[in-house]
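Student: Quick one: this structure, given as structure tokens, is what I'll be asking you about.
The values are calculated or read from the model by the stated rules, or taken from the named source; none is laboratory data. Worth saying up front: this structure is predicted, and the values here are computed from it rather than measured. Positions of Cβ are backbone-derived with ideal geometry, glycine not excepted, and every protein chain shown enters the neighbour counts. To get the accessible areas, we keep the full protein, side chains included, count just its heavy atoms, and leave off ligands, DNA and RNA. Shrake-Rupley method; radii C 1.70, N 1.55, O 1.52, S 1.80 Å.
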Amino acid sequence: MSLPSTASSDSPVSQVPPPRVEEVADRIFAYVQPDGGWCLNNAGILAGPHSVALVDTAATEARARALRAAALERGGAEPRTVLNTHHHGDHTFGNAVAAPHAIVIAHTHTRAEMAEKGEGLKHVWPDTPWGDLGDLGRSLPMVTFENRLTVYVDELAVELMYVGPAHSNNDVVVWVPEHRVLFAGDVLMPGCTPFLLAGSIVGSLEAIARLRALGPRTVVGGHGPVAGPEALDEAEAYLRWLQKVATEGIDAGLTPFEAARDTPLGAYAELRDPERLVANLHRAYSEALGNPLDTQIRSAPVMGEMARLNGGQALACLA
């Protein structure tokens, strides 16, 4: 499943592997976009005999069309439902392209954030080949809920659960209890550094506890490879370490950037996008200092700090 590329042969985008589709349970597929970096999200395909649902879509027209082709091949029917896990454009921009006739379902806050943010992601990465995504207003959720909702794909019960704030203020996971498959959105990103600038460390730990109680056998994170329940333990360990680094940084009078710069990554050095540490420390500092979990932190200065921590190289959207 190849994607057209406008990138030069030596650019990071040109080196991105093609998406792959993994059947994680009977007629349940993880749509994985390696290697899970910025804007390379995962999606899901729930392919019943007569109806098909997608869990999230993709950032660009080309990637959304590739997801649509994969869904049509596995399900043999138009996707009737899109289940968005949160508002970020890599998961939602392609809604109307991947499933033009579907009902989009998401949390109440997701619709509000999508409507407010609009095409903001395009301004962060203006050189990305976004393609023709049409009017992004067509991608807005048509059905919203507050805490929990059950959706059926033919006879398969699919449970949507609000677990935010975690990665964002509107995180929803998609749980398929019959097969113990968890589509975790960006609450879990196996092999990738979490990104919590607009979310919560404390909220993420509470979300992980709730997800562990479900007893998932297969975890499809919002980025990174398909994993098992160990993804919960690994994410929790990182968050506990993050809180420790924040406490030590505050005690030493360091800024979040200084603490990120001076802290050896150790076991977390191999995670994708390690520069996110500075963003995560901004959130961890805020919470350690007793600020409300929903305290807003300006993203533009922190993006600049992440680039500085990344050796002065601008963060690259790989879509």
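Student: Tell me the residue from VAL158, VAL151, VAL82 that is buried (at least 22 other Cβ atoms within 10 Å of the Cβ), more than 30 Å from ASN280 (Cα to Cα), out of contact with any Lys or Arg (no Cβ under 8 Å at 6 or more places or on another chain) and not small (Gly, Ala, Ser), please.
Tutor: Going through VAL158, VAL151, VAL82 in turn, the sole match is VAL158.
Student: Check off (1) closer than 17 Å to LEU318 by Cα; (2) open to solvent by 10 Å² or more (accessible area, probe 1.4 Å) for VAL97 and give me the number that stays unchecked.
Tutor: Evaluating VAL97 over (1) closer than 17 Å to LEU318 by Cα; (2) open to solvent by 10 Å² or more (accessible area, probe 1.4 Å) leaves (1) as the failure.
Student: On the basis of being at pLDDT below 95 and not acidic (Asp, Glu), does GLY185 make the cut?
Tutor: Against the criterion (at pLDDT below 95 and not acidic (Asp, Glu)), GLY185 does not qualify.
Student: Which ones in the range 207-264 are without any contact (Cβ under 8 Å) to a residue 60 or more places away in the chain and hydroxyl-bearing (Ser, Thr, Tyr)?
Tutor: TYR238, THR247, THR255, THR263
Student: Additional query: Considering the range 282-319 alone, what residues qualify as being surrounded by 18 or more Cβ atoms within 10 Å (Cβ to Cβ), out of contact with any Gly (no Cβ under 8 Å at 6 or more places or on another chain) and under 14 Å from GLY199 (Cβ atoms)?
Tutor: HIS282, ALA284, SER286, GLU287, VAL302
Student: With the requirement that a residue be farther than 23 Å from ALA267 by Cα and out of contact with any strand residue (DSSP E or B) (no Cβ under 6 Å at 6 or more places or on another chain), what does the range 215-235 give you?
Tutor: Within the range 215-235, GLY215, ARG217 qualify.
Student: OK, next. Consider HIS123 against the criteria (1) in a helix (DSSP H, G or I); (2) touching a helix residue (DSSP H, G or I) at 6+ places or on another chain (Cβ under 7 Å); (3) open to solvent by 50 Å² or more (accessible area, probe 1.4 Å); (4) not β-branched (Val, Ile, Thr): it satisfies all of them except one. Which criterion is unmet?
Tutor: (2)
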